[in-house]
Amino acid sequence: MRTPVRSVFLAFVCLLALAGPGWTQQVVLTGRGDADLDERIRRFLANPATRILPDTLIGRADTVRGPVAAIGVTVRVEGVIEDDLLIVDANVFVRPFGVVRGTVLNVAGGFYPSEYARVEGAVSDHGDAPYDVERTAEGLRIVGLVRRHVVDPDGLRGLRLPTYDRVAGLTVGLGGAWYPTRPGRVEPRLRAWGGWAFEREDWVGGASFAVLGARTAFEVGADRVTATPQGWIRSDLLNSLGVAANGSDYRDYYAAERYWAALTREIGDVRLRLTGALEDATSLPASRVWSVVRPDSVRTNPAIDEGRIASASLDADLAVGSEGVTADFDLTLEAGARVASGDFRFARYAGGIKLAAGAFANHTVEVRARLQGPLPGTDSLPRQRHGLLGGLETLETVPVGAFRGDRLALVRTTYAVPLDPFRVPFLGHPVVELVHAAGAAWTRGGSSNLSQALGLRLRFPLVFAFAFLDPEGERDATFGVGVQLRRRYPWEVPPL
């Protein structure tokens, strides 16, 4: 009889361990980590049904019900976890035939399911997230490790990334942020910056005050800038490099003085920003700035409709990804009114999609689309809200700015084949890209016929060579070289 008695006694001890303080001890979250993860951890811990796992083995005959959290411990699962699982700075091993029926959120820990285990919910893995776990007399403390200095300078010791364009020339500036209180669930921030635009011979700058929460922020500010409505075509860095290399500027510009207030909220993977703004705009002339290869002529900078825009806008951004696919979406809705001395009444939309997917072997298909225009009830938009097409990254068979208007449509498809076995000295591993683009930009009553470009690019990590033709035969073929950073996707095989 000793063996059965001993087994019953051990089982009773195990039940006490599973039902005792190890499952109910206090857990608090302090400091600041990732804003999204902070919120998800708080929601998980706020659930009164959540059970805190000790160092334990969940045996084959055991079933654990209710959401469970492994915090700073090691857990081995041979049985069943019926609900969601949170892992923070812990290791969870799901052995063969172990089952997790809910979702798994791994934060700064390790989740190791066997090939023969079953995980029925989604797994959100953030093993390198900035968190640590400390044991205290009261229980457990999850510590967010993102710490800010009281003064946080921009860029390199306060020096902001310079920009270079055909209107303002070289613009350099200094800036930074001041956090007057220690990081917490809500904290204030004061930001300021200033600089000088050498060709404009004028100063630029701005200041703002924000109240920052975990996933919500409110900010008010004012700035004086060289503005552009075509920032979507190229980043500031790449456009500046293009202007310095051969004078190729893919943007138009105007001077803007702005006063604004914005409320930002993150909901899951969606980022929403509601902004009210007053913008006083004036036209700027183009200048013949220095470049390594001087162009034959400088592209003019068209005049805008000078005056004040009083508007409210809603911006939405979403970035999603799954195995073999990534996608970025953005949408802007703006309405201008004749209030607060506003000179324009209009409503518009602007949106874009960037989609990439793995294809055969390590090939990649990329699709980039852009649409913008007036909303119903608006005939035309102020010229500082117009778009343009032409040149690299939009339509290679026409010059930069050949098509311009408040309505715009563009679709570009790229099929990329990495040639990773080959390497060119100083340039790196090449990629061959087949590109097709179709687009148009127009105003009310103008031609909205699509123009096309079809061509090949031989791309390296920083530079590329290209050759394009017009499939309709209306324009001459074009070829040359360009500058652009190339993104490598997770499904592409790393070069040897």
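First select every other residue whose beta carbon is under 15 angstrom from the beta carbon of E257; then total the charges, Lys and Arg +1, Asp and Glu -1. Don't skip to the answer; put the middle values down first.
Numbers: positive: R200, R224, R258, R308; negative: D202, D223, E279, D280, E306, D343.
Every neighbour counted, the sum reads -2.
Determine, for each peptide in 318-328, 169-179, the mean count of other beta carbons within 10 angstrom over its residues, then list the peptides with the highest first.
The most tightly packed comes first, giving 169-179, 318-328.
Where Lys and Arg each count +1 and Asp and Glu each count -1, what net charge lies around A477 among other residues with Cβ under 12 Å from its Cβ?
-3
Could you tell me which of L456, V483, P471 has its Cα farthest along the dipole of the stretch 432-496 towards the positive end, charges placed at Cβ (Lys, Arg +1; Asp, Glu -1), taken about the Cα centre?
About the Cα centre, the residue reaching furthest to the positive side is V483.
What percent of all Cα-Cα pairs in the stretch 261-393 falls into each 5 Å bin, going from 0 up to the bin containing the maximum distance?
P(r) over the stretch 261-393, rounded to whole percents: 2, 8, 13, 15, 15, 13, 13, 10, 7, 3, 1, 0.
Please list, short to long, the whole-number percent of alpha-carbon pairs of the stretch 110-164 in consecutive 5 angstrom bins beginning at zero.
Once binned at 5 Å, the Cα pair distances of the stretch 110-164 give 4, 11, 12, 12, 12, 13, 12, 8, 7, 7, 3, 0.
Quick one: Debye curve from the alpha-carbon atoms of the stretch 196-240 only, equal weights, vacuum; give me log10 I(q)/I(0) at q = 0.27 Å⁻¹ to two decimals.
Each listed q maps to, in turn, -0.97.
Calculate the FRET efficiency for W203 and R294 from the Cβ-Cβ distance with a Förster distance of 25 Å, rounded to the nearest 0.05.
Values: r = 28 Å, r/R0 = 1.12.
So, using R0 = 25 Å, E works out to roughly 0.35.
Hey, any idea what % of the stretch 168-237's accessible area is carbon plus sulfur with a 1.4 Å probe?
64 percent
Give a residue-ordered list of calculated ³J(HN,Hα) values for the stretch 422-438 (Karplus: 6.51 cos²θ - 1.76 cosθ + 1.60, θ = phi - 60°; whole Hz; x for Gly, Pro).
9, 9, 9, x, 6, 9, x, 7, x, 9, 8, 10, 9, 10, 10, 10, 9
Give me the dipole magnitude in Debye, nearest 20, for the chain about the Cα centre, with unit charges on the beta carbon: positive for Lys and Arg, negative for Asp and Glu.
Dipole magnitude for the chain comes out near 700 debye.
Express the C-alpha Rg of the chain as a ratio against the empirical globular expectation 2.2 N^0.38 Å, rounded to two decimals.
Compared with the compact-globule rule of thumb, the chain sits at 1.22.
I need the shape label for the stretch 190-328. Rule: rounded when a/c is under 1.5, else prolate if a/b > b/c, else oblate, with a, b, c from the alpha carbon gyration tensor.
Note, shape of the stretch 190-328 comes out oblate.
With the other protein chains left in place, how much accessible area per residue, in square angstrom, belongs to the chain at a 1.4 angstrom probe?
Dividing the accessible area of the chain by its residue count gives 52 Å².
Would you work out which of G158, Q230, L284 lies farthest towards the positive end of the dipole of the chain? Charges go on Cβ: Lys and Arg +1, Asp and Glu -1.
Towards the positive end, the residue furthest out is G158.
With the full set of protein chains in place, find how many percent of the accessible area of the stretch 274-398 is carbon and sulfur; take the probe as 1.4 Å.
The C+S portion of the solvent-accessible surface of the stretch 274-398 is 60 percent.
For a bin width of 10 Å, list the pair-distance distribution of the stretch 363-443 built from all Cα-Cα distances, rounded to whole %.
17, 35, 25, 15, 7, 1
Check which residues have an amide H placed less than 5 Å from V94's amide H, if you skip close sequence neighbours.
Sorted by chain and number, the residues that satisfy this are V77, Y112, S114.
Please provide three numbers in whole Å: the alpha-carbon extents of the stretch 40-109 along the principal axes, with the largest listed first.
Principal extents (Cα only, largest first): 30, 21, 18 Å.
Put +1 on the Cβ of each Lys and Arg and -1 on the Cβ of each Asp and Glu in the stretch 111-176; which of V133, Y116, L170 then has its Cα farthest toward the positive end of the dipole?
So the residue we want is L170.
Might you report the magnitude of the Cβ-based charge dipole of the stretch 225-355 about its Cα centre, with Lys and Arg at +1 and Asp and Glu at -1, to the nearest 20 debye?
220 debye
Let me make sure I get this right: for the stretch 309-358, a, b and c are the square roots of the gyration tensor eigenvalues over alpha carbons, sorted descending. Under 1.5 in a/c it's rounded, otherwise prolate if a/b > b/c, else oblate. Which is it?
prolate
Rounded to the nearest 20 debye, what is the charge dipole size of the stretch 151-276 about its Cα centre when +1 sits on each Lys and Arg Cβ and -1 on each Asp and Glu Cβ?
Value, rounded to 20: 480 debye.
The values are calculated or read from the model by the stated rules, or taken from the named source; none is laboratory data. Note that the coordinates shown come from a computational prediction; the quantities given were computed from them, not determined experimentally. When we count neighbours, we look across all protein chains shown, and the Cβ atoms used for this are built from the backbone with ideal geometry, even at glycine. Ligands, DNA and RNA are stripped out before the accessible areas are found, and what is left, the full protein with its side chains, is counted by its heavy atoms. Shrake-Rupley method; radii C 1.70, N 1.55, O 1.52, S 1.80 Å.
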